[in-house]
Amino acid sequence: TINNYFELNNNDINIDNQNIYNIGIIGIEKEVKRLDLAVIILNKLQKLNNNFKLYSKGHKLNNLNIEKRIQEFDLSNYYYQEHSNNNNISVDQWIINNNISHIISVSDIESFHYSIISAINNNCNYYITNWVDIAKTMWRIENIYDNIDDLITGIIKYNSMNKYDKIDYLKKNKEQCLKINIEKNDEYFLNRILLEN
């Protein structure tokens, strides 16, 4: 496969304005995006530290079960929604505005997932679970988890790092992203050339 086109910025990594307790999930309008799992993650993190908050961006998901779960867990003061149909603010600006430090991807299935590029571009760490088979072909293995409990442990571990270790970790995320995606695209074009000749 050839990966989707993306452009990474070359800015220095700066995490000074981020809040280590702010988590983002992008593209919630489809049930396969698993906002329900994100709410469970928030609930479990809240039991460890009630500073954790979840921010979602995407078209509104009309799902009474998720709304009931938010009420059941008493998370209404810790969950913030921004709907694309009400506000056309870019994903990058949304991450900056909400001082997000973590982007989670708990979808049942994805093909590429631009939210991870948004995380890398905005100096956020990213966490993947559920669609691991595809993810392992293009994203950093250290950011892929077998289940949400392991993902939660990953967030706690990242938060416990000092600033310089976090910056080093984020640099490795960017380097791996470029390496894997450039190699895959080069391999695709090389195969096309060989086939055409």
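Results, tabulated for the structure shown:
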read-out: Residue that is nearest to Cys177 (Cα to Cα), among those in region 95-115 that are modelled with pLDDT of 90 or more and part of a helix (DSSP H, G or I); value: Ile95
read-out: Residue satisfying condition, being under 22 Å from Ser160 (Cα atoms) and surrounded by 15 or more Cβ atoms within 10 Å (Cβ to Cβ), within set Lys33, Lys57, Lys53; value: Lys53
read-out: Residue in region 114-136 that is within 18 Å of Gly58 (Cα to Cα), within 16 Å of the chain's Cα centre (by Cα), open to solvent by 30 Å² or more (accessible area, probe 1.4 Å) and in contact (Cβ under 8 Å) with a residue 12 or more places away in the chain present; value: yes
read-out: Residue in region 72-92 that is β-branched (Val, Ile, Thr) and within 25 Å of Thr153 (Cα to Cα) present; value: no
read-out: Pick from region 159-187, criterion farther than 20 Å from Asn11 by Cβ and surrounded by 13 or more Cβ atoms within 10 Å (Cβ to Cβ), ranking: modelled with the lowest pLDDT; value: Asn185
read-out: Test: residue in region 4-18 that is modelled with pLDDT of 90 or more and buried (at least 19 other Cβ atoms within 10 Å of the Cβ); value: yes
read-out: Neighbours by Cβ (under 7 Å, 6+ apart or cross-chain): first from region 75-104, over 14 Å from Gly27 (Cα atoms); second surrounded by fewer than 15 Cβ atoms within 10 Å (Cβ to Cβ) and modelled with pLDDT under 90; value: Asn99/Asn17
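The values are calculated or read from the model by the stated rules, or taken from the named source; none is laboratory data. As the structure is a computational prediction, the values presented were derived from the model and not from experiment. As a convention, Cβ positions derive from the backbone with ideal geometry for all residues, glycine included, and neighbour counts pool all protein chains shown. Side chains included, ligands, DNA and RNA excluded: accessible areas come from the protein's heavy atoms. Shrake-Rupley method; radii C 1.70, N 1.55, O 1.52, S 1.80 Å.
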